[in-house]
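Below is one structure, written out as structure tokens; comments come after it.
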Amino acid sequence: MYKLTIEEKVYACQADETVLDALLRGNVNISYACKKGTCHSCLVRSLDAVPPEAAQAGLKDTLKKRNHFLACLCHPEQDMAIKLPDQSEFYTEGTVVVNEMLNRNTLLLAVAFKDAFEFNAGQFVNLQRADGLTRSYSIANIPQESNTLEFHIRRLPGGKFSGWLHDEIRVGDSIAVSEPRGHCFYLPERHGQGILLVGTGTGLAPLAGILTDALAHGHSGPIYLFHGSREFEDLYRIDELCQLAQRHQNFHYIPCLSGKHVPAGFSHGRADEVALASLPDLKAWRVFLCGHPDMVKQMKKMAFLKGASMKDIYADAFLATPV
Ligand SMILES: Cc1cc2nc3c(=O)[nH]c(=O)nc-3n(C[C@H](O)[C@H](O)[C@H](O)COP(=O)(O)OP(=O)(O)OC[C@H]3O[C@@H](n4cnc5c(N)ncnc54)[C@H](O)[C@@H]3O)c2cc1C
């Protein structure tokens with residue numbers, strides 16, 4: 001057992017327990033979301049001990065040098081004095097400028113900033129409520145458009161954060177937004193390469209950003225987007241994507257429905273299954289997978305088995321926050 005000290009209060013960290021779990025057990029108000037080292041919302045700083053290497057995985061060198069680490073990945077190797085972050089260091093206040101429904105349970109939220117917000121289309125940010133509740137959301141637009149970020153937010157039954165965004169956030173409200181994170185974005189290179197985009201539900205958000213970015217960069221290879229849900233009512237932006245496919249000969253949009261009722265023009269089946277049946281050889285393709293964690297995991301494996309190189313497979317699993 002090691003001692004964790006925060007402003008003179010001491011918390012015990014049991015063997016096999018992470019710093020995050022020990023602090024949550026001690027009722028410390030620390031922000032967190034994925035508990036897997038992806039979202040970085042539990043970033044804290046050690047004031048004395050050098051954090052274990054594994055707890056700094058994926059952090060910028062500048063943060064590593066200053067002994068920042070991810071509490072969810074940290075199994076302490078000695079006692080540590082810890083400083084919780086000053087949120088203003090990592091979060092910028094934005095103002096909600098658009099709040100409208102894209103379908104029966106998906107909200108389009110646009111947040112504007114005073115200064116330029118630098119990001120790559122397809123990355124995600126953490127949004128934070130005043131009480132510290134934090135969740136990750138993918139950016140759906142491209143940086144060239146304005147100082148604005150767009151998000152597609154699906155309401156989950158009983159969802160704390162998505163319910164708050166759907167029911168309470170209004171145009172004119174401010175919201176705290178983290179730096180952009182993640183490596184699931186388009187790089188303007190190998191313009192003739194095939195690009196496969198597969199997403200479920202609001203997995204369309206990062207894929208829409210990546211697609212817009214690729215087309216804006218004049219990507220000339222085939223681009224296939226398979227967007228899936230169970231019911232027709234849970235897809236969105238259908239007309240817009242059909243029109244985009246008409247304007248760009250190399251872009252193909254395949255909306256997929258896995259439920260019983262499948263109107264004409266839609267493919268029957270899960271988006272990943274339809275994609276694999278339509279494109280059996282993915283050798284030399286770039287693959288982007290976003291949305292339900294099971295789909296992402298399964299499709300990553302299948303894309304590799306169908307010939308895509310691991311370094312060309314980019315994925316964002318929309319992991320739930322563990323309770
Ligand atoms: C990198 C990343 C990017 C993301 N991008 C988006 C995005 O663009 N749009 C979007 O809508 N969401 C996105 N998410 C998911 C988002 O961060 C939240 O997990 C989601 O909004 C639920 O939060 P909540 O507080 O409303 O639900 P919670 O209160 O945390 O959970 C409520 C209930 O829903 C279940 N649940 C939670 N998350 C999911 C899920 N993803 N699928 C199924 N059940 C779930 C929980 O187990 C629980 O029973 C992303 C997640 C990650 C990690």
Inset, instruction - Using the Kyte-Doolittle scale, find the helices of the chain whose mean hydropathy is at least -1.0 and whose Cα atoms extend 15 Å or more along the helix's long axis, counting only whole DSSP H runs. - result: 204-216, 293-305
Inset, instruction - Within the set of other residues whose C-beta is less than 15 Å from the C-beta of Gln246, count the net charge using Lys and Arg as +1 and Asp and Glu as -1. - result: 0
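In whole percent, what relative contact order does the chain give with Cα contacts below 8 Å and a gap of six or more residues?
Computed value for the chain: 14 percent relative contact order.
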Legend entry - Cβ-defined net charge surrounding Glu93, 12 Å radius [Lys, Arg +1; Asp, Glu -1]: -1
Inset, instruction - Express the relative contact order of the stretch 54-152 as a whole percentage, based on alpha carbon pairs under 8 Å and six or more residues apart in sequence. - result: 19
Inset, instruction - With no solvent and one equal point scatterer per Cα, compute the Debye intensity ratio I(q)/I(0) for the stretch 181-323 at 0.13, 0.16 Å⁻¹ and report its log10, rounded to two decimals. - result: -0.51, -0.79
Inset, instruction - May I ask for the Rg/Rh ratio of the chain, computed from Cα atoms with Rh as the Kirkwood radius, given to two decimals? - result: 1.00
Legend entry - Cut-off under 5 Å, modelled amide H: who pairs with His252 long-range: Ile223, Tyr224, Leu225
Legend entry - Within the stretch 1-100, trypsin sites (Lys or Arg not before Pro) in DSSP loop having at most 15 other beta-carbon neighbours inside 10 Å: Lys36, Lys60, Arg66
Legend entry - Above-threshold pairs, the threshold being 27 Å between Cα atoms, out of Lys36/Lys301; Lys9/Lys64; Lys36/Lys64; Lys83/Lys297; Lys36/Lys60: Lys83/Lys297
Inset, instruction - For Met310 and Ser278, calculate 0.36 nm times their separation in residues minus their Cα-Cα distance, and state this gained length in nm to one decimal. - result: 9.5 nm
Inset, instruction - Net charge near Leu225: determine it from the other residues with C-beta under 12 Å of the C-beta of Leu225, scoring Lys and Arg +1 and Asp and Glu -1. - result: 0
Inset, instruction - Take the chain, connect every pair of alpha-carbon atoms lying under 10 Å apart with a spring to form a Gaussian network, then pick out the residue of Phe90, Phe69, Phe226 with the largest mean-square fluctuation. - result: Phe90
Inset, instruction - List, in order, the whole-Hz ³J(HN,Hα) value for each residue of the stretch 217-223 obtained from phi through the Karplus relation with A = 6.51, B = -1.76, C = 1.60 and θ = phi - 60°; use x for Gly and Pro. - result: 8, x, 4, 9, x, x, 10
Legend entry - In Hz, Karplus ³J(HN,Hα) per residue of the stretch 185-201 (6.51, -1.76, 1.60; θ = phi - 60°; x = Gly, Pro): 8, 7, 10, x, 8, 6, 4, x, 5, x, 10, 10, 10, 10, x, 10, x
Legend entry - Simple spin-label estimate for Ala15 and Lys3 in nanometres, 7 Å along Cα-Cβ: 2.0
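Laboratory data are not the source of any read-out in this text; all were calculated from the coordinates shown. What you see is a predicted model, and the numbers here were worked out from it, not measured in a lab. Cβ atoms come from the backbone with ideal geometry, glycine included; neighbour counts cover every protein chain shown.
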